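A short write-up of the structure that comes next.
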Amino acid sequence: MQGGGFTGGGGGGVGGFLGGNGTNGVSSELVTLLQQGAKGYEWAAATVTANGAAPLQIASGEPVMAIGGFNGSDPWPTLAVFQQYVADGQIHYFIAGGGGGGPGGGNGTNGEITSWVEANFTATTIGGTTVYDLTA
């Protein structure tokens, strides 16, 4: 493909676009968790940035919320909206380390959400990834 399409060469193809390892960075244990935990939820999981969510969604085939949009700077959802989604049982898991940098998962809204999750839910490691069950 000519003219800047994804060809798999040069710029790293889809894996490079997805923030490093692409779907190769998603463990089979995490894929299984998302697939088995998706039923009955609007989102199987949430994580910070689209670059954090995309590999999870592609690898599992399940919907993953990208907190803060593409690079984590979009102030949506707000902490209050995210808390309501959790209270309404719309999101099953929070996947830590999605992106955004800095302590607490980033700055602004995504950092507030990450800090709230860390303070209110128990971390578990699944396939080398920190996961919080938002239903526990």
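Return yes or no: is residue 71 over 23 Å from residue 127 (Cα atoms) and either crowded, with 18+ Cβ neighbours inside 10 Å or out of contact with any His (no Cβ under 8 Å at 6 or more places or on another chain) (or both)?
Yes, satisfied.
Taking interchain pairs and intrachain pairs at least six residues apart, which have beta carbon atoms under 9 angstrom, with the first residue in the stretch 71-89 and closer than 8 Å to residue 109 by Cα and the second acidic (Asp, Glu) and surrounded by 14 or more Cβ atoms within 10 Å (Cβ to Cβ)?
78/112; 79/112
Please give the number of the condition residue 116 fails out of (1) at pLDDT 95 or above; (2) surrounded by 16 or more Cβ atoms within 10 Å (Cβ to Cβ); (3) within 15 Å of the chain's Cα centre (by Cα).
Failing condition for residue 116: (3).
Filter the stretch 38-86 for residues that are over 16 Å from residue 114 (Cα atoms) and among the hydrophobic types (A, V, I, L, M, F, W, C); which is modelled with the lowest pLDDT?
That would be 70.
Considering each residue of the stretch 87-106, count those that are surrounded by fewer than 24 Cβ atoms within 10 Å (Cβ to Cβ), assigned to a helix (DSSP H, G or I) and either at pLDDT below 95 or touching a helix residue (DSSP H, G or I) at 6+ places or on another chain (Cβ under 7 Å) (or both), and give that number.
2
Collect the residues in the stretch 24-39 that are within 26 Å of residue 109 (Cα to Cα) and either of a type outside the set (A, V, I, L, M, F, W, C) or part of a strand (DSSP E or B) (or both), keeping them in residue-number order.
Of everything in the stretch 24-39, those that are within 26 Å of residue 109 (Cα to Cα) and either of a type outside the set (A, V, I, L, M, F, W, C) or part of a strand (DSSP E or B) (or both) turn out to be 25, 37.
How many residues are touching a residue at least 12 places away in the same chain (Cβ under 8 Å) and assigned to a helix (DSSP H, G or I) if we restrict to the stretch 42-70?
Counting residues in the stretch 42-70 that are touching a residue at least 12 places away in the same chain (Cβ under 8 Å) and assigned to a helix (DSSP H, G or I) gives 10.
The values are calculated or read from the model by the stated rules, or taken from the named source; none is laboratory data. Values in this document were obtained by computation on a predicted structure and should not be read as measured data. As a convention, Cβ positions derive from the backbone with ideal geometry for all residues, glycine included, and neighbour counts pool all protein chains shown.
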